[in-house]
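The values are calculated or read from the model by the stated rules, or taken from the named source; none is laboratory data. Keep in mind the model is a prediction, meaning the values are calculated, not measured. Cβ placement follows ideal geometry from the backbone for every residue including glycine, while neighbour counts extend to all protein chains displayed. Note: accessible area is taken over every heavy atom of the protein model, side chains too, but ligands, DNA and RNA are not part of it. Shrake-Rupley method; radii C 1.70, N 1.55, O 1.52, S 1.80 Å.
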Amino acid sequence: KFFKPQDGKESLIRILTFDHKVTKEDVAAGYWTKEFLGKTVTEIDRPAIRHFNVDPSGKPVPSTPEIMAEYKRLKNSSDDGDREKADQMKPNKVWFINVVDVNRADDGILQYAAGSSVYNKILTLVQDYGEEIMGTEGRDIVIRFDKSKKGGDMYSVLPRKEGKSEDLPSKLQDDAVDFYSPEGAAEIGLAPTGNGGG
């Protein structure tokens with residue numbers, strides 16, 4: 001269910017939004033202010049903080065106060081081994097986005113945990129093109145990933161040439177995950193509110 005760009009290859013994705021009805025728990029967690037309580041909002045993403053090298057399986061885990069406390073303890077230790085462990089488990093911020101891999105549209109909706117460098121480039125495109133670039137009738141986004149480069153240069157993010165993007169099945173929009181709902185949060189390994197948020 002997850003999307004990950006392949007090194008040295010171009011990926012074509014389409015971004016789908018999701019609707020969420022704001023609850024008291026959302027307001028208490030600081031996701032929205034009380035003016036939004038009970039209203040349905042349309043979102044592109046959900047931010048989350050995760051840690052690697054905490055779970056024996058090697059999978060990332062959502063940040064918790066306990067994990068952050070352990071990270072800070074190791075980071076501030078005088079022991080080189082502890083500081084090395086802290087570096088391996090440092091907090092990593094991502095934004096979960098509903099995407100369709102255009103070349104594998106039959107796979108349906110995929111969740112993309114986008115790091116800050118690629119997310120900011122995607123967000124710039126969304127701001128530049130607005131709703132025209134999102135949805136099943138939107139425009140494809142071309143992501144090229146090159147891990148031999150450093151920082152923000154690892155990703156190039158561009159809109160596909162005009163007229164090249166084809167409409168996707170409209171039913172895909174119905175499958176977009178509400179990452180703030182209890183079910184949607186569980187699907188990406190996060191608590192519904194509070195822990196693991198941005």
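Measuring from label point to label point, each 7 Å out along Cα→Cβ, what is the residue 104 to residue 83 span in nm?
Placing both labels 7 Å along Cα→Cβ, they lie 4.1 nm apart.
Hey, can you find the accessible area per residue of the chain for me, probe 1.4 Å, expressed in square angstrom?
Heavy-atom SASA per residue in the chain reads 57 Å².
Can you classify segment 79-123 as rounded, prolate or oblate using the Cα gyration tensor, where a ≥ b ≥ c are the square roots of its eigenvalues, rounded means a/c under 1.5, and otherwise it's prolate if a/b beats b/c and oblate if not?
It comes out prolate by the Cα gyration axes.
Around residue 142, with a cut-off of 14 angstrom between Cβ atoms, what is the net charge of the other residues, counting Lys and Arg +1 and Asp and Glu -1?
Result for the local shell: +3.
Residues in segment 95-133 near a label at residue 187, defined as backbone nitrogen under 15 Å from the 7 Å Cα→Cβ point?
It comes to 96-101, 107-113, nothing else.
Just how many pairs of Lys in segment 88-173 have C-alpha atoms closer than 17 Å, counting pairs that are eight or more places apart or on different chains?
Close lysine pairs found across segment 88-173: 5.
Rounded to the nearest percent, how much of the accessible area of the chain (1.4 Å probe, protein heavy atoms only) is carbon and sulfur?
Percent of accessible area from carbon and sulfur atoms in the chain: 47.
Find out how many positive minus negative residues lie around residue 161, taking Lys and Arg as positive, Asp and Glu as negative, among other residues whose Cβ is under 12 Å from that of residue 161.
Charge balance near residue 161 sits at +1.
Expressed as a rounded percentage, what relative contact order does the chain have, with Cα pairs under 8 Å and six or more residues apart?
Rounded, it is 29 percent for the chain.
If I model a spin label as a point 7 Å beyond the Cα along the Cα-Cβ vector, how far apart are those points for residue 144 and residue 39 in nm?
4.1
Between beta-carbons, use under 12 Å as the cut-off and find the net charge around residue 70, counting Lys and Arg +1, Asp and Glu -1.
With Lys, Arg at +1 and Asp, Glu at -1, the net is +3.
Among rounded, prolate and oblate, which fits the chain when a ≥ b ≥ c are the square roots of the eigenvalues of its C-alpha gyration tensor, a/c under 1.5 means rounded, and a/b larger than b/c means prolate?
The shape class here is oblate.
Each residue of segment 28-37 in turn: what ³J(HN,Hα) in whole Hz from Karplus with 6.51, -1.76, 1.60 and θ = phi - 60°, glycine and Pro shown as x?
Rounded to whole hertz, the list is 4, 7, x, 6, 9, 7, 5, 4, 8, 3.
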